[in-house]
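Okay, so here's the structure we're looking at.
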Amino acid sequence: MTKGTILDDARRWLEKCALFRALDEPARRELVALAHRRSFDAGEAIFHHGAPGHSMVAVLVGTVRVSLPAPKGKEIILADLRPGELFGEIALLDGRPRSANATALTNCQLMILARRDVLPFLETNPAACMKLMEILCARIRRSDERMSDIAFFNLPVRLAKILLSYQPQGRGATKISLSQSELAEMAGGTREKVNRCLRDWQRQGILELKNRWTIILKPEALRELLDTA
């Protein structure tokens with residue numbers, strides 16, 4: 001594979017990324033030339049909380065879980081990031097250690113952008129700076145929304161909101177491979193209460209629990225729950 005083919009391939013994958021789409025063609029080419037691609041297997045650590053923040057990462061293929069370590073070996077799940085999303089930008093910008101763990105939830109293809117290259121690039125590309133600010137603001141808003149949900153909504157509403165966040169556009173059942181413990185961590189509840197809620201929804205035909213899968217059959221019922229909250 002020639003260098004030109006590699007760059008074209010990287011540019012095509014990065015078109016999924018909001019930051020990349022905000023740039024003009026010369027800036028896109030410059031950013032692609034600065035990046036390098038890495039593969040991670042499912043379950044492999046990408047970086048750990050407290051590690052030096054030397055890079056920003058774009059998800060090209062797969063899903064990345066961002067989490068915080070918690071007592072007794074547990075973790076707080078902050079987000080599951082899909083293709084087109086960025087992570088690691090906070091430590092990259094302020095030069096401080098990583099604020100969370102990042103783990104490949106599935107086999108992943110990632111594009112790595114080193115801090116020594118990104119900061120000079122941002123200085124000469126105001127559009128990229130503005131888009132990165134938008135991404136950071138959106139992340140802060142999601143964090144505020146999550147705290148508000150925990151403060152003001154009951155567990156079924158919080159759980160419905162999480163399940164619907166995995167619902168793709170279009171019709172058909174959605175299969176989610178999160179365990180009940182993981183759902184409990186994301187919803188701010190206990191595994192036992194999440195289990196009772198899911199079993200109740202299964203009896204109502206809203207979803208099906210099969211092996212380790214949660215299969216959403218009637219997303220409109222979950223949306224109705226949010227509308228009446």
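The values are calculated or read from the model by the stated rules, or taken from the named source; none is laboratory data. Keep in mind that this is a model prediction, so the values were computed, not measured. All Cβ positions, glycine included, derive from the backbone under ideal geometry; neighbour counts span all protein chains shown. Keep in mind that these areas ignore ligands, DNA and RNA; they rest on the heavy atoms of the full protein, side chains included. Shrake-Rupley method; radii C 1.70, N 1.55, O 1.52, S 1.80 Å.
Listing for the model above:
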{"item": "Long-range neighbours under 7 Å by Cβ, at least six apart or interchain, first residue over 14 Å from Leu209 (Cβ atoms) and in contact (Cβ under 8 Å) with a residue 60 or more places away in the chain within segment 174-189, second among the aliphatic types (A, V, I, L, M) and in a helix (DSSP H, G or I)", "result": "Met186/Ile162"}
{"item": "Among the residues listed as Ser55, Ser67, the single one being closer than 24 Å to Met133 by Cβ and among the hydroxyl-bearing types (Ser, Thr, Tyr)", "result": "Ser55"}
{"item": "Complete set of residues in segment 1-43 that are at pLDDT below 70 and open to solvent by 60 Å² or more (accessible area, probe 1.4 Å)", "result": "Met1, Thr2, Lys3, Thr5, Ile6, Asp8, Arg12, Glu15, Lys16"}
{"item": "Count of segment 98-126 residues which are in a strand (DSSP E or B), among the small types (Gly, Ala, Ser) and open to solvent by 10 Å² or more (accessible area, probe 1.4 Å)", "result": "1"}
{"item": "Residues satisfying the stated conditions in segment 149-180, i.e. part of a helix (DSSP H, G or I) and open to solvent by less than 50 Å² (accessible area, probe 1.4 Å)", "result": "Asp149, Leu155, Pro156, Val157, Arg158, Leu159, Ala160, Ile162, Leu163, Leu164, Gln180"}
{"item": "The listed residue being open to solvent by less than 20 Å² (accessible area, probe 1.4 Å) and of a type in the set (Gly, Ala, Ser), out of Gly62, Gly95, Gly50", "result": "Gly62"}
